[in-house]
Amino acid sequence: MTIRLTIKNLANGTTLRMEAEPDETINDIIGSAGEYWNLDAGAYVLKKGKKLLSGRTRVSDSGLLNDDILEMIPDPEGGCRWGSLRRY
């Protein structure tokens, strides 16, 4: 069952309405929103309320409901999801 979501881009104050399929991941949602706003999706995360959503979690396992509002924020870990690529 498709879930309708609102994504808020806190960096510029805009919103995006989208639908997500149960087998999609949170990273898929971030990728779609990043493409829409022309942003590097790897540098952002989604949160619902005070909870950061894990990128690998499937929509069906995330507890998201129709008409939930998610906030897209810069990744607090610096946007690099692969520790081996970080420069020291």
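Suppose every Lys and Arg Cβ carries +1 and every Asp and Glu Cβ carries -1, with no other charges. What dipole size does the chain come out with about its Cα centre, to the nearest 20 debye? Write out the running numbers ahead of the final one.
On the way: 12 positive and 13 negative charges, 84 e Å.
With Lys and Arg at +1 and Asp and Glu at -1, about 400 debye.
What does the net charge come to around Lys48 if you take all other residues with beta carbon closer than 10 Å to its beta carbon, with K and R at +1 and D and E at -1?
Result for the neighbourhood of Lys48: +1.
Which is farthest toward the positive dipole end of the chain among Leu10, Gly49, Pro76, measuring Cα position about the Cα centre, with Cβ charges +1 (Lys, Arg) and -1 (Asp, Glu)?
Pro76
Tally Lys and Arg at +1 and Asp and Glu at -1 over the other residues with C-beta under 10 Å from the C-beta of Asn66: what net charge comes out? Intermediate results must be reported in sequence, preceding the final value.
On the way: positive: Arg4; negative: Glu19, Asp67, Asp68.
That sum, taken over residues with Cβ under 10 Å, equals -2.
Taking N as the number of residues in the range 1-63, what is its Cα Rg relative to 2.2 N^0.38 Å? Before the final figure, lay out the partial values.
Details: Rg = 11.0 Å, N = 63, 2.2 N^0.38 = 10.6 Å.
Relative to the rule-of-thumb radius for its length, the range 1-63 sits at 1.03.
Restricting to the range 1-79, what percent of DSSP beta bridges are antiparallel, rounded to 5?
Working: 14 of 19 bridges.
If I count the DSSP bridges inside the range 1-79, around 75 percent turn out antiparallel.
Rounded to the nearest 20 debye, what is the charge dipole size of the range 1-47 about its Cα centre when +1 sits on each Lys and Arg Cβ and -1 on each Asp and Glu Cβ? Spell out each step's value before the answer.
Values: 4 positive and 7 negative charges, 70 e Å.
Dipole size: approximately 340 debye.
Quick note: the coordinates plus some simple rules give every number you see, no bench work behind them. Keep in mind it's a predicted model, so treat the numbers as computed, not measured. Note: ideal-geometry Cβ built from the backbone for every residue, glycine included; neighbour counts use all protein chains shown.
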